[in-house]
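Comments concern the structure below.
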Amino acid sequence: GGGGGAAMADDGGLMSVDYEVYGKVQGVFFRKYTQGEAKRLGLVGWVQNTSHGTVQGQIQGPTARVRELQEWLKKIGSPQSRISRAEFSNEKTIAALEHKEFQIVK
């Protein structure tokens, strides 16, 4: 047998992505659940309500974990939420985390 030894680029790296979630996402503990899910996955960043009825923020952490939270933001959210769509932007790889924790911004 031989072996390639080519590592997946996704494995070791850190990434950062901005997000905005549309639908019924305010007044349904969306931020609290997002923070809880991010902490469970070991991610940092922030989440806040916007004046136009969406929730937005930034996620940073290991690429695979960030992808998991992106899926959660698109499909699951908090129990009472109704997500119509989630948009992601400014996706980039980063050398180090720029936040210490995942916080809810008032």
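For segment 42-60, filtered to residues that are in contact with an Asp or Glu (Cβ under 6 Å, 6 or more places away or on another chain) and farther than 11 Å from S16 by Cβ, the residue that is least open to solvent (accessible area, probe 1.4 Å) is T54. Going by the conditions given, is T63 surrounded by fewer than 13 Cβ atoms within 10 Å (Cβ to Cβ), within 18 Å of L14 (Cβ to Cβ) and in contact (Cβ under 8 Å) with a residue 12 or more places away in the chain? For T63, the condition - surrounded by fewer than 13 Cβ atoms within 10 Å (Cβ to Cβ), within 18 Å of L14 (Cβ to Cβ) and in contact (Cβ under 8 Å) with a residue 12 or more places away in the chain - is not met. Note on segment 17-31: residues that are open to solvent by 50 Å² or more (accessible area, probe 1.4 Å) and under 27 Å from A96 (Cβ atoms) total 1.
If you take the residues in segment 73-106 that are part of a helix (DSSP H, G or I) and farther than 16 Å from M15 by Cβ, which one is most open to solvent (accessible area, probe 1.4 Å)?
Among those residues, the one meeting the criterion is K75.
Scanning segment 32-41 for residues that are out of contact with any strand residue (DSSP E or B) (no Cβ under 8 Å at 6 or more places or on another chain) and surrounded by 18 or more Cβ atoms within 10 Å (Cβ to Cβ) yields a count of 2.
The values are calculated or read from the model by the stated rules, or taken from the named source; none is laboratory data. Quick caveat: nothing in here was measured; it's all calculated off a predicted structure. Glycine also receives a Cβ, built like all others from the backbone with ideal geometry; neighbour counts cover every protein chain displayed. The area values use the complete protein model at the heavy-atom level, side chains included, leaving out ligands, DNA and RNA. Shrake-Rupley method; radii C 1.70, N 1.55, O 1.52, S 1.80 Å.
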